[in-house]
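Report on one structure; see the data block that follows.
The values are calculated or read from the model by the stated rules, or taken from the named source; none is laboratory data. Only a predicted model underlies this, so the values are computations on that prediction, with no experimental measurement involved. All Cβ positions, even for glycine, are placed from backbone atoms using ideal geometry, and neighbour counts span all protein chains on display.
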Amino acid sequence: MDLSLSGIGARALRTRWFVRAPIWLYRHGLGWLLGSRILMLEHTGRSSGQPRYVCLEIVERPAPDRIVIVSGFGERAQWYRNLQADPNCFVSTGRMRRAPAVARLLTGPEASAALERYQHAHPRDWEMLRGAIEKAVGHPVQGLPMVELRLEAAGS
């Protein structure tokens, strides 16, 4: 058993109840307890058509109406594939609840630049996250897909 921080993080990323616990907080109006770097994304299942939920780290906020998130599990992540099929979604973060948004998959160069900015802004977090992702997926991180969420103005 790997008791390093990245080993524990990898195990946590593969533990369903652990990764879904923040959803409960958001759905009960307590998402603000997770701080300003975590959001809950509500998206539509590409096969089921049902609402799906995932909590993710905010990589950056390049503008008040823009949020960039990363898919640590690459393009195979269900939420990422669902946004490819239907980019309309809802975002909850802090005290903001269920704001309508439209997702845009970042190009390779855009994602690389955003990841580099994240690495410089949060070097310790990046090392822990990178180690956990690499142990969870079983291979080195060579770039990660990113998504920009554009929040829509109320009533637009």
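Hey, any hits in region 11-33 for a residue that's modelled with pLDDT under 70, at negative phi and touching a Gly at 6+ places or on another chain (Cβ under 9 Å)? Steps first, please.
Initial filter on region 11-33 (modelled with pLDDT under 70): 11-20.
Now drop any that are not at negative phi, which leaves 11-20.
With touching a Gly at 6+ places or on another chain (Cβ under 9 Å) added as a condition, the list becomes 13.
So far as region 11-33 goes, yes, one or more of its residues are modelled with pLDDT under 70, at negative phi and touching a Gly at 6+ places or on another chain (Cβ under 9 Å).
Among the residues of region 102-126 satisfying the criterion of being of a type in the set (Gly, Ala, Ser) and in a helix (DSSP H, G or I), which is nearest to Met146 (Cα to Cα)?
Taking region 102-126 as the starting set, the residues that turn out to be of a type in the set (Gly, Ala, Ser) are 103, 108, 111-114, 121.
From what is left, the residues that are in a helix (DSSP H, G or I) are 108, 111-114, 121.
Working: Gly108: 9, Ala111: 5, Ser112: 9, Ala113: 10, Ala114: 8, Ala121: 17 Å.
Looking at the filtered set, the residue picked out is Ala111.
Hey, Ala132 hits all of (1) small (Gly, Ala, Ser); (2) within 17 Å of Glu60 (Cβ to Cβ); (3) buried (at least 16 other Cβ atoms within 10 Å of the Cβ); (4) modelled with pLDDT under 95 but one; which does it fall short on?
(2)
Among the residues of region 83-105 satisfying the criterion of being out of contact with any Pro (no Cβ under 9 Å at 6 or more places or on another chain), buried (at least 17 other Cβ atoms within 10 Å of the Cβ) and aliphatic (A, V, I, L, M), which is nearest to Arg37 (Cα to Cα)?
Step by step, filter region 83-105, then rank; the result is Ala99.
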